[in-house]
């Protein structure tokens, strides 16, 4: 069933008004959830929130499309075509230093030539950007498709760095070459003009990935895995960490909670990930599916300890659900307090934007109660 109406349920949760107003992601007892269809046909979602709070929804397999919402997702402007033809490269990145937005467009399914576009007006207009992307240690220039959005690092010696997930298709995209695939990241210290490629993620056969910076400056990296080459379970998400601003990845593990696509096969599924802007707390929200029979059962999980545990999950859509991307609203703007989830249905007919708050995920429970469980 597709949810097409807003749910606003007031629950009796004891929390002071001062606490609720300090940060709207803290529970105030009001659940909010809605879904709107905002793109027709095609595929491939990425969502980001500009510095002024404009929600930027990006989409497209044949042409790269953008829709903007200046009122927090209540209404959406017309489709803006950035590139036609254009194949979505994922990794939409808001430069928190300058306020610009960068998008990555490939000519077709990668490996393929890449063009970067920059917006200086919160997604209203776009211009082609000349960039340099240095290859990785193996000499491979990374491909972009179809990773979660990028971020700007906020902490430590690399504060201000732009970083987004990327990948290498190794010897080719056919299944016979999946064992040569690996994920990585590209990062820039000059506002996106020059990019360097990180060392590979510590597992082969990996594909689309997500990343977020935690409050202590570590980067949490969560990857899809098409094929296991080491006996680790390819049907659950693979995790690694960076302690040097995204240049290297260490401490590989496999989640025992977060699934990687339908559990009936080894193939995986692009996922969404966002860290909520609750100061000094690492609340992560992850999106994928719970299914044993195909791409359906879109679900979100919440972690309140930076990805160590995931005690809460909630069904978004019991119907077809494929690739997804997530972003969080910004303080002092109409987007404040909202979590945005842009996803494909399946079979692919268009793009849907779910908008909800943390109360909806926790079903009205104060999220701090999960810290001691």
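The values are calculated or read from the model by the stated rules, or taken from the named source; none is laboratory data. Values in this document were obtained by computation on a predicted structure and should not be read as measured data. In this analysis, Cβ positions are derived from the backbone assuming ideal geometry, glycine residues included, and neighbour counts consider all displayed protein chains.
Considering the stretch 173-231, the residues that are surrounded by fewer than 18 Cβ atoms within 10 Å (Cβ to Cβ) and in contact with a helix residue (DSSP H, G or I) (Cβ under 6 Å, 6 or more places away or on another chain) include one that is modelled with the highest pLDDT, namely 217. So is residue 333 under 16 Å from residue 49 (Cα atoms), touching a strand residue (DSSP E or B) at 6+ places or on another chain (Cβ under 9 Å) and surrounded by fewer than 22 Cβ atoms within 10 Å (Cβ to Cβ) or not? Considered against the rule, which asks whether it is under 16 Å from residue 49 (Cα atoms), touching a strand residue (DSSP E or B) at 6+ places or on another chain (Cβ under 9 Å) and surrounded by fewer than 22 Cβ atoms within 10 Å (Cβ to Cβ), residue 333 comes out as yes. Across the stretch 62-94, the number of residues qualifying as closer than 24 Å to residue 168 by Cα and buried (at least 17 other Cβ atoms within 10 Å of the Cβ) comes to 12.
Looking at 315, 358, just one residue is in contact with a strand residue (DSSP E or B) (Cβ under 9 Å, 6 or more places away or on another chain), modelled with pLDDT of 95 or more and buried (at least 20 other Cβ atoms within 10 Å of the Cβ), and that residue is 358.
Can you tell me which residue is surrounded by the fewest Cβ atoms within 10 Å (Cβ to Cβ) among those in the stretch 336-355 that are assigned to a loop (DSSP other than H, G, I, E, B) and on the phi < 0 side of the Ramachandran plot?
Going through the qualifying residues, I end up with 347.
Of all residues in the stretch 32-57, those satisfying the criterion of being surrounded by fewer than 23 Cβ atoms within 10 Å (Cβ to Cβ) and in a strand (DSSP E or B) are 32, 33, 34, 35, 36, 37, 38, 40.
Could you tell me whether residue 284 is at pLDDT 95 or above, surrounded by fewer than 20 Cβ atoms within 10 Å (Cβ to Cβ) and closer than 17 Å to residue 218 by Cβ?
For residue 284, the condition - at pLDDT 95 or above, surrounded by fewer than 20 Cβ atoms within 10 Å (Cβ to Cβ) and closer than 17 Å to residue 218 by Cβ - is not met.
Considering 110, 45, the condition of being within 20 Å of residue 343 (Cβ to Cβ) and touching a strand residue (DSSP E or B) at 6+ places or on another chain (Cβ under 6 Å) is satisfied by 45 alone.
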